[in-house]
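Novice: My structure is below; once you've seen it, I'll send some questions.
Every number here is computed from the coordinates shown, using simple stated rules; none is lab data. None of these values were measured; they are calculated from a predicted model. Using ideal geometry, Cβ is built from the backbone for each residue, glycine included, and neighbour counts are taken over all protein chains shown.
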Ligand code: NAD
Ligand code: MLT
């Protein structure tokens, strides 16, 4: 009888997904596994499943002599060395569609929370205060929102914000004009044009060499005074040092951040600003998204192990 494949699961995935994996494989669950242990034991496994951590580095992939597939329980694959995986013939699968609704809704929640000072006001009331006049907010209605990256989440956000009667503009040089039209979004030709026109800027690109720091000091210098920014994509797409500078200068009225260049973001200088609203990378953390992410990923990983073709490779 053929041995069952071995799967290492390095972060939390839903029980139903674990059951699916266990039906066809031996599964070791090591939630929060640290890099040195991963490097040491990876040689025993046919498949590895991760979320944002641990990092699936060149070292991990090269040591994974039996490794056939790395599954990313989520969207961004910036924690996986894709080049080495390709060189070593290791398939990488992710679940890019499974958490888009949740990340899009989190973006809008952050936008509203920061425009209306909700976390700050909540805290004041909980501490026995009131402070109605302190927490004057801004409407979304009638404002211009600039979306950087009109992919899955950017387009989801665009269509919802149109219901708020916002003017929605977007910058995305990699998609055809038809896509802008489909979502009723105005295309702007350059990032700086988007920045000049926006009351609120929200970024929805992957983290790549090109997008790291793409909203930086140059952009804050030409932004509308009182601009608000939201980052529910990846830490560092809005340069954190430049954002701190723009907050000090009073250029930025508020920032809402779900993601950070280093996570957890303990000690991040942005935390000291009252007008910075933060969440701990919660974009995909809903029951619905985690259920879809886990079960979709289990199907894809098992398909690779069976030698079948999978859609997200
Ligand atoms: P996607 O691939 O569907 O869309 C990304 C879009 O960005 C594409 O249309 C692409 O053309 C565009 N783009 C790429 N480079 C660009 C550039 N230099 N300038 C302008 N546009 C550019 O991705 P998605 O599924 O919408 O995900 C967007 C981001 O959200 C990713 O970074 C992903 O990792 C992140 N994400 C975060 C969470 C969370 O928990 N906070 C959850 C899911 C996804
Ligand atoms: C993703 O890329 O899917 C998100 O960052 C969410 C996550 O890792 O849970």
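Novice: Taking square-rooted eigenvalues a ≥ b ≥ c of the alpha carbon gyration tensor, is the stretch 1-61 rounded, prolate or oblate, where a/c under 1.5 means rounded and, failing that, a/b exceeding b/c means prolate? Please list the in-between numbers first.
Specialist: Values: a/c = 2.52, a/b = 1.32, b/c = 1.91.
Taking the square roots of the gyration eigenvalues as a ≥ b ≥ c, the stretch 1-61 is oblate.
Novice: Starting from the 7 Å offset along Cα-to-Cβ, what nm value, one decimal, do you get for the label separation of residue 217 and residue 271?
Specialist: Once both label points are built, they end up 2.5 nm from each other.
Novice: Continuing with the same structure: Determine, from the Cβ-Cβ distance of residue 3 and residue 210 and an R0 of 41 Å, the FRET efficiency 1/(1 + (r/R0)^6), rounded to the nearest 0.05.
Specialist: Working: r = 44 Å, r/R0 = 1.07.
Calculated value: 0.40.
Novice: Do you know the relative contact order of the stretch 1-77, to the nearest whole percent, from alpha carbon pairs under 8 angstrom that are 6+ apart? Please list the in-between numbers first.
Specialist: Details: 120 pairs, mean separation 25.8, N = 77.
Relative contact order, the stretch 1-77: 34 percent.
Novice: Rounded to the nearest Å, what's the spacing between the alpha carbon centres of the stretch 249-313 and the stretch 44-81? Just the number, please.
Specialist: If we compute the Cα centre of each part, the gap is 17 Å.
Novice: What relative contact order, as a whole-number percentage, does the chain give when Cα pairs under 8 Å and 6 or more residues apart are counted? Walk me through the numbers on the way to the answer.
Specialist: Numbers: 604 pairs, mean separation 58.1, N = 313.
Rounded, it is 19 percent for the chain.
Novice: Against the longest alpha carbon principal axis of the chain, how many degrees, from 0 to 90 and to the nearest 10, is the axis of helix 152-162 turned?
Specialist: Relative to the chain, helix 152-162 is tipped by roughly 30 degrees.
Novice: Highest mean first, what order results for 31-43, 89-101 on Cβ atoms within 10 Å? Working shown, then result.
Specialist: Numbers: 31-43: 14.2, 89-101: 19.8.
Packing proxy ranking, top to bottom: 89-101, 31-43.
Novice: Provide the gained length on full extension for the span residue 112 to residue 130, in nm with one decimal, where the gain is 0.36 nm per separating residue minus the Cα-Cα distance. List each step's numbers first, then the result.
Specialist: Working: separation 18, 0.36 × 18 = 6.48 nm, distance 1.97 nm.
Value of the extension gain: 4.5 nm.
Novice: On a 0 to 90 degree scale, rounded to 10, what angle separates helix 100-115 from the longest Cα axis of the chain?
Specialist: Tilt of helix 100-115: around 30 degrees.
Novice: Next question, about the same structure. Hey, fewest Cβ within 10 Å first, where do 133, 261, 102 land in order? Please list the in-between numbers first.
Specialist: Numbers: 133 6, 261 18, 102 23.
With the fewest neighbours first, 133, 261, 102 line up as 133, 261, 102.
Novice: Distance in nm between label sites at residue 83 and residue 306, each 7 Å beyond Cα in the beta-carbon direction?
Specialist: Roughly 3.5 nm, to one decimal.
Novice: Once you sort the root eigenvalues of the Cα gyration tensor of the chain as a ≥ b ≥ c, which label holds: rounded (a/c under 1.5), prolate (a/b larger than b/c) or oblate (the other case)?
Specialist: Details: a/c = 2.10, a/b = 1.80, b/c = 1.17.
Prolate shape, in that a/c is at least 1.5 and a/b is the bigger ratio.
Novice: Could you work out the relative contact order of the stretch 71-219? I mean the mean sequence separation of Cα pairs under 8 Å and 6+ apart, divided by the number of residues, in percent.
Specialist: On the way: 185 pairs, mean separation 31.7, N = 149.
Answer for the stretch 71-219 is 21 percent.
Novice: Let me ask something additional. Out of the DSSP beta bridges found with both residues in the chain, what percent are antiparallel (nearest 5)?
Specialist: On the way: 0 of 40 bridges.
The antiparallel fraction comes to roughly 0 percent.
Novice: Sticking with this structure for a sec: Taking the Cα atoms only, what angle lies between the long axis of helix 287-306 and the longest principal axis of the chain, rounded to 10 degrees?
Specialist: Once rounded, one gets 30 degrees.
Novice: Give the separation of the Cα centroids, the stretch 1-16 to the stretch 110-188, in Å.
Specialist: If you average the Cα positions of each part, the centres end up 39 Å apart.
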